[in-house]
Amino acid sequence: MVESSSPALLRRWIALNLKQLRQEAGKDRSEVMQRLDLSRAQVGHLETATRLPSRPVLEILLDFYGKPDRLPDFLRIVEAAKKGKNWWDQLSGAVPPWFDLYLGLESGAAEISTFEAYLIPGLLQTRDYAEAVVRGDPDFTDEEVQRIVDVRMRRQRILDRDADPVRLWALIDELVLYRERGNSQVMAEQIDHLIKLSERRRIDLQILPRKAGAHLAQQGGSFSLLKFPTDWVGDPGVVYEEVLLGGRYHEDPEEIALYDRAITRLQALAETQE
C-alpha cells in the first residue's frame, strides 16, 4: 500500500488526492485561497507535492471539500512521508536534485513504457555499460562514477521485487545497438543481457529499425511514461524526459495522452520481440 512507498511517491499521492477532492467538490483554487487565507502559489504547492499540508490545513480543506472522514488517512500518509527514507539517500552526491523525484516515482510505478534514442535504458544496462556511459562526463571522479553506477544497478531491483515487479515495455532505436560504449566486449555482453531480459514474462523489448520512418517521438528524444497501481484512481501517470540541464516532468492528462499515442505508434513500427 502507499504507506510503504518512497517519500516522493507519498507526496504525489497526497497532492493528487487533494486536487481530486477539490475538483469533485466543485471548488476552484481562488475559493481555497480565501478559505485558507493563502496565496495562489501556496495553494498550488499543496497540489503539486512541493509542500506537505499541516494538520490544521487538512482539517479545513477536507471539511471544505465535504470529506472530513478522510482526515485519518491523510494524516497517516503525511506522517509516513515525513519519516520515510529513500534507499539512495545513503549514496551522497550520486543523485542530482531533479532526479530524486523520478527515483521515487519509478520505485512505485506499476508500468513503465520507455523509448530510448541514444542509450540502452538504465533499467536494462549492465554494470560495465553503465560505467562506460557515466564516464562520458570527464568531470566525474572514479568514486563519483561508482556511486552513480551503484544507483543505476540498485534501480533495477524493481524488475525483481517479490510483490508485483514492474511491467516494463522498452523500445530502443536500432542505432543504439551500434553506438559503442566501452568496447566491443562491453557491447556484446550488453546485447546478450538484453536478450536474456526479453525472455522475462513482465519485460517486453522491441527494436525500432532504421527503416521505420517518421514517428511522433522524432521531434523530441528519449522519454519514459510511468503509470501507477489501479488503486490510485484518477492518476493519469507521469512522463519523464531527461535533457542536458536536468529532468522534465509532464503530468497534464492531455500531454500524457500524446506520449501514450507515441508509444503505441512506436510499438507498431518496431520489430516484434521474436
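The values are calculated or read from the model by the stated rules, or taken from the named source; none is laboratory data. This is a predicted model, so every value here is computed, not measured. Here the Cβ positions follow ideal geometry from the backbone for every residue, glycine too, while neighbour counts run over all protein chains shown. Please note that ligands, DNA and RNA were not included when accessible areas were found on the heavy atoms of the full protein model with its side chains. Shrake-Rupley method; radii C 1.70, N 1.55, O 1.52, S 1.80 Å.
Just a few scattered comments:
- Summed side-chain charge close to LEU71 - residues other than LEU71 whose Cβ falls under 12 Å, Lys, Arg +1, Asp, Glu -1: 0
- Hz values of 3J(HN,Hα) by residue in the stretch 124-130 - Karplus curve (6.51, -1.76, 1.60), Gly and Pro given as x: 10, 7, 6, 5, 5, 5, 4
- Across the stretch 138-150, rounded Karplus estimates of 3J(HN,Hα) from the backbone phi angles (6.51 cos²θ - 1.76 cosθ + 1.60, θ = phi - 60°) give x, 7, 6, 7, 4, 5, 5, 4, 5, 5, 5, 5, 4 Hz, Gly and Pro being marked x.
- Local electrostatic count, LEU225, Cβ distance below 11 Å [Lys/Arg +1, Asp/Glu -1]: -2
- Helix-only [θ]222 nm of the chain, DSSP H runs n ≥ 4, -39500 (n - 2.57) each, per residue, nearest 500: -14000 deg cm²/dmol
- Carbon/sulfur fraction of accessible area - the chain, other protein chains in place, 1.4 Å, %: 49 percent
- Principal-axis tilt of helix 7-24 within the chain, Cα atoms, nearest 10 degrees: 50 degrees
- Probe 1.4 Å, protein heavy atoms only - accessible area per residue of the chain in square angstrom: 54 Å²
- Among beta bridges identified by DSSP and lying wholly in the chain, the antiparallel ones come to about 50 percent.
- Qualifying lysines (Cα of each under 23 Å from Cα of LYS27; at least 8 residues distant if same chain): LYS19, LYS67
- Charge tally for GLU116 (other residues, Cβ to Cβ under 12 Å; Lys, Arg +1; Asp, Glu -1): -3.
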